[in-house]
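Novice: Below is the structure I would like to discuss, written out as structure tokens.
No lab work stands behind these numbers, since they all come straight from the coordinates. Given the structure is predicted, the values throughout are model-derived calculations rather than measurements. For neighbour counting, all protein chains shown are included, and Cβ atoms are generated from backbone atoms with ideal geometry for every residue, glycine included.
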Amino acid sequence: MSKIYQALEKAEKERAAELEKKLPPSTGLQEGEVSQGEVARIGEVCLKPEVSEGGVARQDLVVYFEPNSLASEQFRKLRAHLLKLKIPEPPKTIMVTSATNGEGKSFVAANLAVGIANELHFQALLVDCDLRNPSLSKWFGLEEDRGLSDYLTGNGGPTEIILRTEMEKLSLLPAGKVPDNPTELIGSKRMEALVQELKLKTQERYVIFDSTPLLATTEPEVLSRWVDGIILVVRAGLTPRETIVQALKRIEKEKILGVVLNGLDFRTSALHSRYFGSDGYYYKYGYGKKGNGEKSEERTNRKGLLESLRSRLGLTGSAR
């Protein structure tokens, strides 16, 4: 077993032990019996992180703190789309990026990871690859001594950099100290080896990489070569069409799993229905095949969506 996965298992065992300590004392019930009060308290321990009321996490981790909100429902739709993809294998290592700064890539990456961790059959590892402007450890109310940058420079081992969160099936690999050479670190052989190692034994775990913006840095272009799929975040009313076009040119089209339109006001129903159809928040396109080289319905539908998006962006040519 690799050191990375030993670290993940260690984090999960520590989390389970901590949760067990927080359980209420015995109520005198027979073994196997659980009172309704116990169920409620156990659920609260598992689902509520210990983050200050005024912390950044409360406003940004909407799937966590506002599970019944419209935004949370859109992330559940996004999760559902990802979990059913077969192209030809399910994409378990996913990079989330944007064209420019301020479009909400970290917001999408964090909430997607929380959503996957909430799913019954899967776990999630969230990796903060934004070494220039890291934020995820603060969002989860965690203090980091070391992180990804330290690991890439040989100053930290797996057990030191992977943090357990209060969420039962979510771990975090924080960015670590802000380095002077983020491009070189993300493009290093050690980073490539880390991504490849995380791909192993990922049958029940999704790995979400929060990367830097495509047009502002070169790191996501390098990272995109190693991951299974890419999600591009676009800010509604902010990202110009030309900017989206330039961003799409920098990554492999075959790896694009979808585009998330962030910050959409659902009260503008005309834009909602005309531009993004019934899903609104998530516009999916990509590629997939059935066995024996036969085109699948999924491939046909997503190719049509890609053609529609290309048309709206003013791109010429057809999707392959």
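Novice: So if I place +1 on the C-beta of Lys and Arg and -1 on the C-beta of Asp and Glu, and nothing else carries charge, what would the dipole magnitude of the range 86-145 be about its Cα centre? I want it in debye, nearest 20. The partial results should precede the final answer.
Specialist: Details: 5 positive and 8 negative charges, 50 e Å.
Rounded to the nearest 20 debye, it is 240 debye.
Novice: Highest mean first, how do 176-185, 87-96 rank when packing is the count of other Cβ atoms within 10 Å averaged over residues?
Specialist: Values: 176-185: 16.4, 87-96: 19.4.
Descending mean neighbour count gives 87-96, 176-185.
Novice: Turning to a different aspect of this structure: Need one word for the range 86-201: rounded, prolate or oblate. Basis is the Cα gyration tensor (sqrt eigenvalues a ≥ b ≥ c); a/c below 1.5 gives rounded, then a/b vs b/c decides. Show your work: numbers first, answer last.
Specialist: Values: a/c = 1.31, a/b = 1.25, b/c = 1.04.
Rounded, because the longest to shortest axis ratio a/c is under 1.5.
Novice: Give me, ordered by chain and number, the residues 5 or more places off T93 or on other chains with an amide H under 5 Å from its own placed amide H.
Specialist: Those qualifying (amide H under 5 Å, at least 5 residues apart or on another chain) are V207, D228, G229.
Novice: Under a 5 Å amide H to amide H cut-off, with H placed in plane at 1.01 Å, what residues pair with Q123 once short-range neighbours are removed?
Specialist: R205, Y206
Novice: Additional query: Modelled label-to-label distance, D145 and N181, 7 Å Cα→beta-carbon offset: nm?
Specialist: 2.6
Novice: If packing is taken as the mean number of other Cβ atoms within 10 Å per residue, what is the order of 232-239, 152-159, 206-213, highest first?
Specialist: The packing order, highest mean first, is 206-213, 232-239, 152-159.
Novice: Another question, then. Which whole-angstrom value gives the distance between the alpha carbon centres of the range 168-236 and the range 93-127?
Specialist: Value for the Cα centre distance between the two parts: 11 Å.
Novice: Using label points projected 7 Å from each Cα along Cα→Cβ, tell me how many nm separate A193 and E89, to one decimal.
Specialist: 2.1
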